[in-house]
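Readers should treat all values here as calculations from the given coordinates under stated rules, not as data from a laboratory. Since the structure is predicted, the reported quantities are computational estimates derived from the model, not experimental observations. Cβ placement follows ideal geometry from the backbone for every residue including glycine, while neighbour counts extend to all protein chains displayed.
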Amino acid sequence: MKEKTQKNVNAAFIGEAKAYFRLLAYAEKAQEEDVPQIALLFRAIAEAERVHATRNLNLAKEIVVKDTDTNLEKSFQREKTVSENVYPDFIKDAEDEGETVAAQVFSNARDAESYHAKLYERAIMNVIKEKVESYHVCQVCGYVADRKAPDKCPVCGAPKEKFKAVEA
């Protein structure tokens, strides 16, 4: 793919992915405000944006899905980079600007990402192949636990009830 088109495909993917999540948030708000028809509209258009994002993702050369071992290794490296290099800078900037809530969100994400890297590393080392039947995702910070939800999230302290099961 030529340079400008590649750049545009990447930009389109990012824009469509953002639209998907933004519209889901709008749908939640409409549901809270007891406007179910508008919530339904937002969810339907969010699904369309997900289709667009997926099509752009499939076009993007740098985000090509490879074999599982390669995908695990790339995912492990990305999680390490984000937790060790990206989020620390975000945290520092937020703290420097007195944005304590943003700093806390970034800190939780950094810590959760480091746990994600450990899960990927275990998978690469074949420690978890065919043994885990479910994961539990903290809906506050994104921490992922294997097998069962902890009584308290080790990253943000959320109670067990805040975990969502992802099952095989």
Of the cross-linked pairs LYS2/LYS92; LYS2/LYS66; LYS131/LYS164; LYS29/LYS118, which ones have a Cα-Cα span greater than 30 Å in the structure shown? LYS2/LYS92; LYS29/LYS118
Net charge within 12 Å of GLU28 by Cβ-Cβ distance, Lys/Arg positive one each and Asp/Glu negative one each, not counting GLU28 itself? +1
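Okay, helix-only estimate at 222 nm for the chain: each DSSP H run of n ≥ 4 adds -39500 (n - 2.57), divide by all residues, round to 500 deg cm²/dmol; what do you get?
Taken over the chain, the calculation gives -21000 deg cm²/dmol.
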Segment 68-167 - Kirkwood radius from inverse mean 1/r over Cα pairs (Å): 14.3
If you consider only alpha-carbon coordinates, what radius of gyration and Dmax does the chain have, in Å? 18.4, 51
Around LYS160 (Cβ within 12 Å, Cβ-to-Cβ, excluding LYS160; K/R +1, D/E -1) the net charge comes to +2
Pull out the extension gain between ASP93 and GLN31, defined as 0.36 nm times the separation in residues minus the alpha carbon to alpha carbon distance; nm, one decimal. 18.8 nm
Using Cα centres only, tell me the gap between segment 119-165 and segment 14-28 in whole Å. 25
Taking every Cα atom in segment 3-63, find the radius of gyration and the maximum pairwise distance Dmax, and write them in Å. 13.8, 46
Relative contact order of the chain, defined on C-alpha pairs under 8 angstrom at six or more residues apart (%): 15
Using the Cβ atoms and a cut-off under 15 Å, what net charge is assigned to the surroundings of ASN85, where Lys and Arg are +1 and Asp and Glu are -1? -2
